[in-house]
Amino acid sequence: MTNPTNPTNPANPFEYAPAPESRSVVEIAPSYGLFIDGEFAEAADGKVFKTVSPATEESLSEVAHAGAEDVDRAVRAARKAFGKWSALPGAERAKYLFRIARIVQERSRELAVLESLDNGKPIRESRDVDLPLVAAHFFYYAGWADKLDYAGYGRDPRPLGVAGQVIPWNFPLLMLAWKIAPALAAGNTVVLKPAETTPLSALFFADVCRQAGLPRGVVNIVTGDGSTGAELVAHPGIDKVAFTGSTEVGKAIARTVAGTEKKVTLELGGKAANIVFDDAPIDQAVEGIVSGIFFNQGHVCCAGSRLLVQESIQDELLDALKRRMRTLRVGDPLDKNTDIGAINSAEQLARIRTLADAGEAEGAERWAPECALPSSGYWFAPTLFTGVTQAHRIAREEIFGPVLSVLTFRTPQEAVAKANNTPYGLSAGIWTEKGSRILWMASRLRAGVVWSNTFNKFDPASPFGGYKESGYGREGGRHGLEAYLDV
Ligand code: TAP
């Protein structure tokens, strides 16, 4: 019997040939253009910027910097494509989204390597977390495209039109998927601006769209810095703004669109409490604390950056946590044994250092395991602060790095009060064996997502978003469609 998937080696029917599209090594071109109306093109004024590997500080490629004229061209292309795209039967749009999901899977190795090179995140995470979730998101929303009548927004809900989408650098491809998949499923067309420090995977995604035969203009990618994002948000030709990033920029965007007909959803910062009760299984909680704050170098909006530990187990828990932190390997993002990769940029590293120094200056006790950091690139050792009070900057401000602030509590009431004592409200974690306590806490925590006995778990079917200064609107699940439908 021969293996139909491996006609070249009938002698070994169990050896699978790689899919023709899979590439083990990513080929990065010396320069990339903007992706507008299905074509790559230079910026009108020829402006470019470099994207560097944060692990080595070496330039990876030169990328076109979109100005007002380019953004205008991209929005016009999306508008032109909108009529036909929105008129397609949902089942037809679904076919494109399924195709995109499958191509992402087939090219996942290439995309994971690219993401780790441009962002600095460990390959184990981009390979095992980011890429599978990207594909899952497209599969999930592909499934909705022909079922919009059942999404809970009435019969024949209509798409909004052209969506202007601006995303950050911490999960470049995953944030792109969170934005593009529901928008397209609902019949919108998009212009997306990736972050300045991580433009490459979005440009490779443009190639995925071409490979999937997606009609021209349905997806447009304009690379650049914050000024490109500001041009996009202010453009009169877009109907919807979807933004993920800092609370500061989110507020500026809300001011820009106020008084216009544009709809807006904002996914902003966080300062999540990870709350450990004295009956929690310590080893399991330690794993959750470690993944809560050190996953993706702590560049996670929902990171468990404040550990609230019940006073009676503080010493035991911190001993176990320090033991575990000593085993974390910091270094080359492409090494499969790496736990903590590079900090995404020199600016972000400076921000983390400033806040960590403030922690010390304000009287908290700083601890980090001994670890040799590479001599070039941007690195920060996993760090723990004890003796933190609620007034300290490290307990109030989002650090967006591998820095954990430890606070204590005695009663569940005190835990809730401390957890909610933040302008943010994106996520929280609870570690306890008592089911009734989980429910009691979850109903009192002002957080859009509450995990219990786990942390940083994501699923495309589950809506995600914040309260308070963490933004408004939900992404993911049926609720994620509402942001792109005229309901
Ligand atoms: P930002 O500085 O806010 O940047 C986000 C995006 O907005 C980038 O593409 C940025 O471009 C662009 N931008 C900057 N100024 C702009 C303006 N005036 N108008 C329009 N767009 C503008 O955030 P960041 O440093 O990339 O990301 C970190 C923040 O994102 C953290 O606070 C984190 O919590 C938050 N975040 C939230 C979530 C969710 S789901 N809530 C997820 C991930 C990250 P440039 O990069 O080119 O400057």
Problem set entry | Top-ranked residue of the range 251-281 - restricted to ones that are within 7 Å of the ligand (Cβ to nearest atom) and of a type outside the set (Val, Ile, Thr), ranked as surrounded by the fewest Cβ atoms within 10 Å (Cβ to Cβ) | Ala252
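Can you go through Asp156, Asp146 and tell me which one is assigned to a loop (DSSP other than H, G, I, E, B), at pLDDT below 95 and over 17 Å from the mean Cα position of the chain (by Cα)?
Working: Asp146 fails: at pLDDT below 95.
Result: Asp156 is the single residue among Asp156, Asp146 that is assigned to a loop (DSSP other than H, G, I, E, B), at pLDDT below 95 and over 17 Å from the mean Cα position of the chain (by Cα).
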Exercise. Hey, any hits in the range 82-95 for a residue that's touching a residue at least 60 places away in the same chain (Cβ under 8 Å), under 20 Å from Asn344 (Cα atoms) and surrounded by fewer than 19 Cβ atoms within 10 Å (Cβ to Cβ)?
Worked result: no
Problem set entry | Verdict on Thr338 being touching a Lys or Arg at 6+ places or on another chain (Cβ under 6 Å), of a type in the set (Ser, Thr, Tyr) and over 20 Å from Val276 (Cβ atoms) | yes
For this session: Given the conditions (1) touching a His at 6+ places or on another chain (Cβ under 7 Å); (2) on the phi > 0 side of the Ramachandran plot, report the number of the one that Lys468 does not fulfil.
Result: (1)
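How do the helices (runs of 4 or more DSSP H) wholly within the range 382-487 filter down when requiring 1 or more residues that are acidic (Asp, Glu): which remain?
412-420, 479-482
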Seminar exercise, completed: Within the range 204-236, residues within 16 Å of the ligand (Cβ to nearest atom) and surrounded by fewer than 20 Cβ atoms within 10 Å (Cβ to Cβ) come out as Asp225, Gly226, Ser227, Ala230, Ala234, His235, Pro236
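Give the residue that is surrounded by the fewest Cβ atoms within 10 Å (Cβ to Cβ), with candidates limited to residues of the range 293-331 that are among the basic types (Lys, Arg) and in a helix (DSSP H, G or I).
Step one: filter the range 293-331 for residues among the basic types (Lys, Arg), giving 306, 322-324, 326, 329.
Now narrow it down to the ones that are in a helix (DSSP H, G or I): 322-324.
On the way: Lys322: 14, Arg323: 11, Arg324: 17.
Only one residue tops the list, namely Arg323.
Output the strands (runs of 3 or more DSSP E) that fall wholly within the range 165-283 and possess 1 or more residues being more than 19 Å from the chain's Cα centre (by Cα) and polar (S, T, N, Q), or say none. Working first, answer last.
Details: elements: 189-193, 219-221, 240-244, 263-267, 273-276.
Output list reads 189-193, 219-221, 273-276.
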Exercise. Are there any pairs with C-beta distances below 6 angstrom linking a residue in the range 340-368 that is part of a loop (DSSP other than H, G, I, E, B) to a residue that is within 16 Å of the ligand (Cβ to nearest atom) and small (Gly, Ala, Ser), with the two at least 6 apart or on different chains, and if so which?
Worked result: Gly341/Gly120; Ala342/Gly120; Asn344/Gly120
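The values are calculated or read from the model by the stated rules, or taken from the named source; none is laboratory data. Predicted, not measured: the structure shown is a model, and the values here were computed from it. Neighbour counts run over all protein chains shown; Cβ positions are idealised from the backbone, glycine included.
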